[in-house]
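Quick notes on the structure that follows.
The values are calculated or read from the model by the stated rules, or taken from the named source; none is laboratory data. Since this is a predicted model, take the numbers as computed values, not measurements. Every residue, glycine among them, receives a Cβ derived from its backbone with ideal geometry; neighbour counts consider all protein chains shown. Ligands, DNA and RNA are excluded from the accessible area calculation, which covers all protein heavy atoms including side chains. Shrake-Rupley method; radii C 1.70, N 1.55, O 1.52, S 1.80 Å.
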Amino acid sequence: MAAAAVAPSKTESYVDNKRKDDIRMSNIKSARSVADAVRTSLGPKGMDKMISTGSGDVIITNDGATILNKMEVLQPAAKMLVELSKSQDVVAGDGTTTVVVVAGALLKQCHTLLHSGSIHPTVISDSLHKASVKAVDVLTAMAVPVELTDRDSLVKSASTSLNSKVVSQYSSLLAPLAVDSVLAVVDPAKPDLVDLRDVKIVKKLGGTVDDTELVKGLVFDKKVSHAAGGPTRVENAKIAVIQFQISPPKTDIEQSIVVSDYTQMDRILKEERNYILSMIKKIKSTGCNVLLIQKSILRDAVTDLSLHYLAKAKILVIKDVERDDIEFITKTLNCLPIANIEHFRAEKLGFADMVEEVSCGDGKIVKITGIKDMGRTTNVLVRGSNQLVLDEAERSLHDALCVVRCLVNKKFLIAGGGAPEIELSRQLGAWSKVLHGMESYCVKSFAEALEVVPYTLAENAGLNPITIVTELRNRHAQGEINAGINVRKGQITNILEENVVQPLLVSTSAITLATECVRMILKIDDIVTVR
């Protein structure tokens, strides 16, 4: 009888869940620590981070994606937050810090629910999904439609994006510049698609960010080859982009030629000269007077001899054009790249009013302007007093371009300054009261987590976060859906009237991506290392 009592029952057995809980908690902790690292850089008054890489380079930036990208994160769950900011960068381009901060706040709420509420992770995960779908609906209902012809609204949203950057004092210059360059590359046939590869940013040290300009045409960060006194300025240019070498041919296999007397030596040199001359005559016969020569890895693209003859033929030469730039150049000039001298024909050339070398800072650049039948591309020449400012200006400009691209894809604007987050928090809080059971708790936690954005904005601006967030809730409860934190005045105002706006896509993608990432982390209950 005693033996029967001791025999283990087949239905009930004790399962140790301690390890699973520990792993979940360690994942949540490490992911939250990543979120806390970038939290201080949120908003216009956010701090910048100085990143020192292993190779000794220093980067100063405010961009969440850049900070996380450069951080050496080892813990797998924390890596997911780095990927999260990358995907926000791809989808929207802006809001990379927001998305990580929101994910961190959601994880904090999940931690509380798991610990004190003993709610099963799957229940939390499903409720978060429902809440995020509802949140997107609420945001869409708040949004204000915008037309691409309304340039002011586009400039406002671009300058809001730039306000939180190191180069914020130049936002009045960079925002219109970003808007103009995106509108210049929008193809009327495909109005919803903007390829930012059509906007080329050329960085040149010297001057200040004020000297940044939009160039209708092409800019090369190179000098014209001055060998043998070739021209540095050509009007009514006929431009050829060539991918072959103007230099004596080499044998396909490694071999040496032994020359025994001078007559043979002279014959070789004479042949080389004739070979180069015949090439240049063919080029000149088409009327071409500007050559862009692609960088060559097999042998020198041009030799001193060929440069001498090209200078005599009054042909302006720009050598060492990068292979990656060829597509952009041919699209802009509306010409075809020429891969062989036999295919050199006049119809493959591009035409421009002026090609000239301009002094710029401590170096020189080449500008091609007045291009005939120019493709839908633009060039932005960014200037800066040092390399750090220059790199940060480029990153900030990229964010501003992405914001305008978002508005082209989805033509809706939404208030900034923590207003949409508080409104979401209020509406989801009200919705949670309608739900039953555990779902209601989880949605309420989701609503509370969203308050982290206005809280952090206030904290970074040196205001009292508790007072500000309470006042904000109060304003929104009275029906002021666009009330947000005005960081400059240090009080709560109608943020739409203050021109602090952002694209709808930035907010919706931030919430959906953050929720998705948190749900993924919640579902992990074990880490298996495979050697």
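Annotations
- Residues of region 267-290 that are over 51 Å from the mean Cα position of the chain (by Cα) and open to solvent by 90 Å² or more (accessible area, probe 1.4 Å): 267, 270, 271.
- Of the residues making up region 221-230, those that are in contact (Cβ under 8 Å) with a residue 24 or more places away in the chain and open to solvent by 10 Å² or more (accessible area, probe 1.4 Å) are 221, 222, 223, 225, 227, 228, 229, 230.
- Looking across 396, 359, one residue alone is among the polar types (S, T, N, Q) and assigned to a helix (DSSP H, G or I). It is 396.
- Candidate set from region 68-89 (those that are closer than 23 Å to residue 402 by Cβ and charged (D, E, K, R)); member that is surrounded by the most Cβ atoms within 10 Å (Cβ to Cβ): 89
- Residues being open to solvent by 30 Å² or more (accessible area, probe 1.4 Å) and touching a residue at least 12 places away in the same chain (Cβ under 8 Å) - total across region 355-385: 13
- Residue ranges of strands (runs of 3 or more DSSP E) in region 445-531 with at least 3 members surrounded by 18 or more Cβ atoms within 10 Å (Cβ to Cβ): 483-486, 501-503
- Of all the criteria given as (1) under 29 Å from residue 192 (Cβ atoms); (2) more than 18 Å from the chain's Cα centre (by Cα), the one not satisfied by residue 358 is (1).
- The numbered conditions (1) in the same structural domain as residue 328 (by the TED database); (2) open to solvent by 10 Å² or more (accessible area, probe 1.4 Å); (3) in contact with a Ser or Thr (Cβ under 7 Å, 6 or more places away or on another chain) are all true for residue 198 except (1).
- Residue within region 254-261 that is closer than 27 Å to residue 365 by Cα and of a type outside the set (A, V, I, L, M, F, W, C) present: no
- Entry remark, region 296-325: residues being touching a Lys or Arg at 6+ places or on another chain (Cβ under 8 Å) and surrounded by fewer than 14 Cβ atoms within 10 Å (Cβ to Cβ) number 4 in total.
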